[in-house]
Number of protein chains: 2
Amino acid sequence: MQYIQYQSEKDLERIIARPTLDSNDLLPAVQEIMNKIKTNGDNALIELTEKFDGTKPRSICIEKDQIEASSTVISSELKQAIELAAANIKKFHSAQNPKTLEVEVTPGVNCSQKAVAIEKVGLYVPGGTAPLFSSVLMLAIPAVLAGCKEIVLCTPPNRQGKVPEPMLYAAKVAGLKKIYCVGGAQAIAAMTFGTETIPKVDKILGPGNQYVTAAKQLAFLQGTAIDMPAGPSEVLVIADETSNPAFVAADLLSQAEHGVDSQVILVCTSNSQIRAINKEIEQQLEILPRKLIATEALKNSTTVLVSDLEEAMFISNSYAPEHLIIASENFESISPKVTNAGSVFLGNLTPESAGDYASGTNHTLPTNMAARAFSGVNMDTFMKKITFQQITEKGVQNIGEAVSTMALNEELQAHANAMLLRLNSIQNPLT
Amino acid sequence: MQYIQYQSEKDLERIIARPTLDSNDLLPAVQEIMNKIKTNGDNALIELTEKFDGTKPRSICIEKDQIEASSTVISSELKQAIELAAANIKKFHSAQNPKTLEVEVTPGVNCSQKAVAIEKVGLYVPGGTAPLFSSVLMLAIPAVLAGCKEIVLCTPPNRQGKVPEPMLYAAKVAGLKKIYCVGGAQAIAAMTFGTETIPKVDKILGPGNQYVTAAKQLAFLQGTAIDMPAGPSEVLVIADETSNPAFVAADLLSQAEHGVDSQVILVCTSNSQIRAINKEIEQQLEILPRKLIATEALKNSTTVLVSDLEEAMFISNSYAPEHLIIASENFESISPKVTNAGSVFLGNLTPESAGDYASGTNHTLPTNMAARAFSGVNMDTFMKKITFQQITEKGVQNIGEAVSTMALNEELQAHANAMLLRLNSIQNPLT
């Protein structure tokens, strides 16, 4: 890990830099994939799956009995863990369900704002060396809670040409019915345009590699909503003399094992703690199955020595991490000052992996500084807010003149007329 | 207006079609503008303003005394109207301010969700034949209420090379301080990359022409958040035998006068009402200053005869209008069934122009079917929601095993370790 002793804002640039990742270079190649799916639908989908995944799925669509059968294949320990996680995710997300807001803005002018589920959403969960069933829970549970009518899940086939059972089980627990065994840019294209088998959706969500990201960007240019731009996963840990070095090291490594491009930042108030943490990293790294990946990731990572927790928080807000761990007993002194982060983990007993799986918060979070302007997936992600207004005679009298004055000053006579006709009808009810 | 007697879902396609508008064709030209601003900053901004707006602004940045002086120039009638509108917009938007949500998901696992203002936002208000000061209010008031620290407004110079006073006055009432006299794709580029004068922002909002839309799309590909895709304005009016034909005609015309590409849809349960409304349109159109524009817009517009209000609502939800007016005394029978719309106007006394200016709702709304997945501008637009979790010993005991089981099944050993170390430290406090 590179070491920086923070001295002034000049150092910030080096700390917050992410590896340049320009998925825009991929846009032409991905556009070609999108066009193929748009033109040839399922046939192109099968052809591209054979080409990119090296396997021919028996069927794009997973049958209901396959979903049901998943529960007979996986261990009861894993089933219980998935069920516990699902229950916690449900509890935290259902509490977010927005209530309809009603305001009498001025007498006779009644306005309201109502959240309504997006009708058709497409969830994407990437493949990988192991089945990412936790991402199925994180996307599917709030979609079902929000009341989305059509929820489509696409995920690529594994080496055996199928969707792994733990993912099907997570989908079953979440209440999904439409699961398709396709991945990559071709899956995003299918949900953008629709094919004979896969429905066109209104919004596409979920993580993915650079091809998936590029495809989501192109989908957005087509008018399909997407959740957020995606980049490599990242964590920033704030540590001080009250931190447990073994825990901090384990948290840094749990991020580093994700991929060689993972970003790991340690911001610490104490050099002796930094030494203790580094020693723990060395020891814990030795026995990790993904040691090579984690070692690579750590090479791109940074340790920053700061003078106090305030300075640490300033750096964190500038970095805008996907995950922020405040591994200090004094977390309450700075946690109210978090302005840019996806999800925050407070104190020594709250590892990022808690939120990755089972604390109830979502793990689909903004990366690469997107936390400055984007939220992680939450109930809002699956809803839009519609405003309503209903005006009475009294209300027309209260705002009618202001409306017509403003309309006339914007040279929109018909806008003024629409209000003036109502105003006149009230003032002269006999005409 | 084309006339369709609705018979089956086969007719939907013709009704919901928008004029094809592919701003993607403009992307290369707009990319060039973006690159110029990125490379040459203010110099390019001045050069492009001269080229596209045909005027050389005395200064890009509007000075504080110019903003203050606006109040001495405009009529007290307009000032009062702007102040009344601003008060209503403030009241409705401040009621939307999200509260922090705190949930003990399971004993010892405390999760919360907190809305935090986006630090830097860029507002764009297009030019036009007349100053669109209402759009300044609609974008600036919620940005200020949300607590955004840096709020930048860009708007093009008028023919006199300056920002019209009513816009400055609206900005003053809303509490804006940073106003820049630049427009078009070059203004979006300036807010995306920053120049010597104009700050780089985290999110760009506001309406604009196809060049502005294309520039916002390119900004999005750069990682800058945007509000929503923009297209021509549109209204769908549902009418029945209880509607007032003069009011309906006025509402349709107020949309038609926006531009030749405006979309106007009338969905009515009664042929005699359609005749009465058409007669009113003819009469009212005659005396409109923007008669030519409105006449053109009406040519692309559609009247649909339906059998009842239920069918009308089905068509409206399929069309997903930016503005929906339910011009019926029976609006309550169908308004709960609205699933896709930007803003909804209920009853005979609630014209769209009320919401355009002063009812308190926002008029920056999703067009071109984006209402299926996007909200209009609201307080959420200026905030992101950050999740927090804090876990106690009890919490680690409650979810620790589930987390490690899931992590191991996703082959992420370090994720499991991070939780197991905590679990062990609690179970064996002496080690």
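The values are calculated or read from the model by the stated rules, or taken from the named source; none is laboratory data. In this text the structure is predicted, and so the values were computed from the model without any measurement. As a convention, Cβ positions derive from the backbone with ideal geometry for all residues, glycine included, and neighbour counts pool all protein chains shown.
Under the condition of being of a type outside the set (Gly, Ala, Ser), touching a residue at least 12 places away in the same chain (Cβ under 8 Å) and more than 24 Å from B:PHE382 (Cβ to Cβ), the residues counted in segment B:70-98 number 4.
Could we say that B:GLN389 is in contact (Cβ under 8 Å) with a residue 24 or more places away in the chain, farther than 30 Å from B:ALA17 by Cβ and more than 7 Å from every other protein chain (Cβ to nearest Cβ) here?
no
The number of residues in segment B:91-104 being buried (at least 20 other Cβ atoms within 10 Å of the Cβ) and more than 9 Å from every other protein chain (Cβ to nearest Cβ) comes to 1.
Rundown of residues vs (1) in contact with a strand residue (DSSP E or B) (Cβ under 8 Å, 6 or more places away or on another chain); (2) without any contact (Cβ under 8 Å) to a residue 12 or more places away in the chain; (3) closer than 18 Å to A:ASN40 by Cβ, yes/no style:
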{"residue": "A:ILE188", "(1), (2), (3)": "yes, no, yes"}
{"residue": "A:MET191", "(1), (2), (3)": "yes, no, yes"}
{"residue": "A:PRO207", "(1), (2), (3)": "yes, no, no"}
{"residue": "A:THR213", "(1), (2), (3)": "no, no, no"}
{"residue": "A:ALA219", "(1), (2), (3)": "yes, no, yes"}
{"residue": "A:MET228", "(1), (2), (3)": "no, no, no"}
{"residue": "A:SER233", "(1), (2), (3)": "yes, no, no"}
{"residue": "A:LEU236", "(1), (2), (3)": "yes, no, no"}
{"residue": "A:ASP240", "(1), (2), (3)": "yes, no, no"}
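Can you name every residue in segment A:316-330 that is closer than 24 Å to A:PHE374 by Cβ and surrounded by 24 or more Cβ atoms within 10 Å (Cβ to Cβ)? If the condition is that a residue be closer than 24 Å to A:PHE374 by Cβ and surrounded by 24 or more Cβ atoms within 10 Å (Cβ to Cβ), then A:SER316, A:TYR319, A:ALA320, A:PRO321, A:GLU322, A:HIS323, A:LEU324, A:ILE325, A:ILE326 are the ones that fit.
Scanning segment A:262-282 for residues that are surrounded by fewer than 17 Cβ atoms within 10 Å (Cβ to Cβ) and within 12 Å of chain B (Cβ to nearest Cβ) turns up nothing.
For segment B:401-422, the criterion of being under 20 Å from B:ASP227 (Cβ atoms) and more than 7 Å from every other protein chain (Cβ to nearest Cβ) is satisfied by no residue at all.
With respect to being buried (at least 24 other Cβ atoms within 10 Å of the Cβ) and touching a residue at least 24 places away in the same chain (Cβ under 8 Å), B:LEU253 fits the description.
Would you check if there is a residue in segment B:50-69 being touching a residue at least 24 places away in the same chain (Cβ under 8 Å), surrounded by fewer than 16 Cβ atoms within 10 Å (Cβ to Cβ) and over 18 Å from B:PRO157 (Cβ atoms)? Checking segment B:50-69: at least one residue is touching a residue at least 24 places away in the same chain (Cβ under 8 Å), surrounded by fewer than 16 Cβ atoms within 10 Å (Cβ to Cβ) and over 18 Å from B:PRO157 (Cβ atoms). Just to be sure, is A:GLN210 over 17 Å from the mean Cα position of the chain (by Cα) and either assigned by TED's automatic domain parsing to the domain that holds A:VAL267 or more than 19 Å from A:ILE118 (Cβ to Cβ) (or both)? Answer is no for this residue.
To keep it simple, each residue is scored yes or no on (1) farther than 26 Å from B:ASN317 by Cβ; (2) in contact with a Ser or Thr (Cβ under 6 Å, 6 or more places away or on another chain); (3) crowded, with 16+ Cβ neighbours inside 10 Å.
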{"residue": "B:GLN5", "(1), (2), (3)": "no, no, no"}
{"residue": "B:GLU9", "(1), (2), (3)": "no, no, no"}
{"residue": "B:GLU13", "(1), (2), (3)": "no, no, no"}
{"residue": "B:VAL30", "(1), (2), (3)": "yes, no, yes"}
{"residue": "B:LYS36", "(1), (2), (3)": "yes, no, yes"}
{"residue": "B:GLY41", "(1), (2), (3)": "yes, yes, yes"}
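Any residue at all in segment B:385-398 that's part of a helix (DSSP H, G or I), surrounded by fewer than 23 Cβ atoms within 10 Å (Cβ to Cβ), touching a strand residue (DSSP E or B) at 6+ places or on another chain (Cβ under 8 Å) and not assigned by TED's automatic domain parsing to the domain that holds B:SER328? Yes, some residue in segment B:385-398 is part of a helix (DSSP H, G or I), surrounded by fewer than 23 Cβ atoms within 10 Å (Cβ to Cβ), touching a strand residue (DSSP E or B) at 6+ places or on another chain (Cβ under 8 Å) and not assigned by TED's automatic domain parsing to the domain that holds B:SER328. Among the conditions (1) in contact with a Ser or Thr (Cβ under 8 Å, 6 or more places away or on another chain); (2) within 8 Å of chain B (Cβ to nearest Cβ), A:THR367 misses just one, which is (2).
Candidates are the residues of segment B:366-384 that are in a loop (DSSP other than H, G, I, E, B) and hydroxyl-bearing (Ser, Thr, Tyr); the one that is nearest to B:ASP261 (Cα to Cα) is B:THR367.
State the number of residues belonging to segment A:124-144 that are within 14 Å of chain B (Cβ to nearest Cβ) and out of contact with any Phe, Trp or Tyr (no Cβ under 8 Å at 6 or more places or on another chain).
13
What's the total number of residues in segment B:396-411 that are more than 42 Å from the chain's Cα centre (by Cα) and modelled with pLDDT of 95 or more? Residues meeting the conditions: 10. Could you go through segment B:110-121 and let me know if any residue there is crowded, with 24+ Cβ neighbours inside 10 Å, more than 10 Å from chain A (Cβ to nearest Cβ), modelled with pLDDT of 95 or more and over 14 Å from B:ILE62 (Cβ atoms). Scanning segment B:110-121, I find no residue that is crowded, with 24+ Cβ neighbours inside 10 Å, more than 10 Å from chain A (Cβ to nearest Cβ), modelled with pLDDT of 95 or more and over 14 Å from B:ILE62 (Cβ atoms), so the answer is no.
Could you check, for segment B:138-149, whether at least one of its residues is crowded, with 24+ Cβ neighbours inside 10 Å, modelled with pLDDT under 95 and not hydroxyl-bearing (Ser, Thr, Tyr)? No, segment B:138-149 has no match at all. For segment B:72-90, residues that are more than 9 Å from every other protein chain (Cβ to nearest Cβ) and surrounded by 15 or more Cβ atoms within 10 Å (Cβ to Cβ) total 3.
Within segment A:327-341, the residues that satisfy the criterion of being in contact with an Asp or Glu (Cβ under 9 Å, 6 or more places away or on another chain) and more than 7 Å from every other protein chain (Cβ to nearest Cβ) are A:ALA327, A:SER328, A:GLU329, A:ASN330, A:SER333, A:ILE334, A:LYS337, A:ASN340. In the condition set (1) at pLDDT 95 or above; (2) in contact with a Pro (Cβ under 9 Å, 6 or more places away or on another chain), B:PRO157 is compliant with all but (1).
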